[in-house]
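The values are calculated or read from the model by the stated rules, or taken from the named source; none is laboratory data. Here the structure is a predicted model, which is why all the values come from computation and not from measurement. Cβ sites come from the backbone with ideal geometry, for glycine too, and all protein chains shown count toward neighbours.
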Amino acid sequence: MNTLLFGMPGGSEWIIILVVVVFLFGGRKIPELMRGLGQGIREFNTAKGSIKSHIEEGMKEPATPPVNTSSTGEESAK
């Protein structure tokens, strides 16, 4: 039994969606909308790459041994 009510739109659904978008926004606004969408995707990919490089840099750094903070001097007496 398929529990998914709505799947990806097929060919005819995409055509209907495009016609509705043209009617709502007009032919002159669509290039502006696509330009804004492209800039948003570009910024997202830039931020994603930056975060990925920071994570990779953190993984390459050698682990530092824990610093002994006891002031009793027991380790030096042994």
* Asked: Just a yes or no: is a residue in the stretch 60-77 among the β-branched types (V, I, T) and modelled with pLDDT of 85 or more?
  -> no
* Could you list, in sequence order, all residues of the stretch 1-13 that are surrounded by 10 or more Cβ atoms within 10 Å (Cβ to Cβ) and either of a type in the set (S, T, Y) or modelled with pLDDT of 85 or more (or both)? => E13
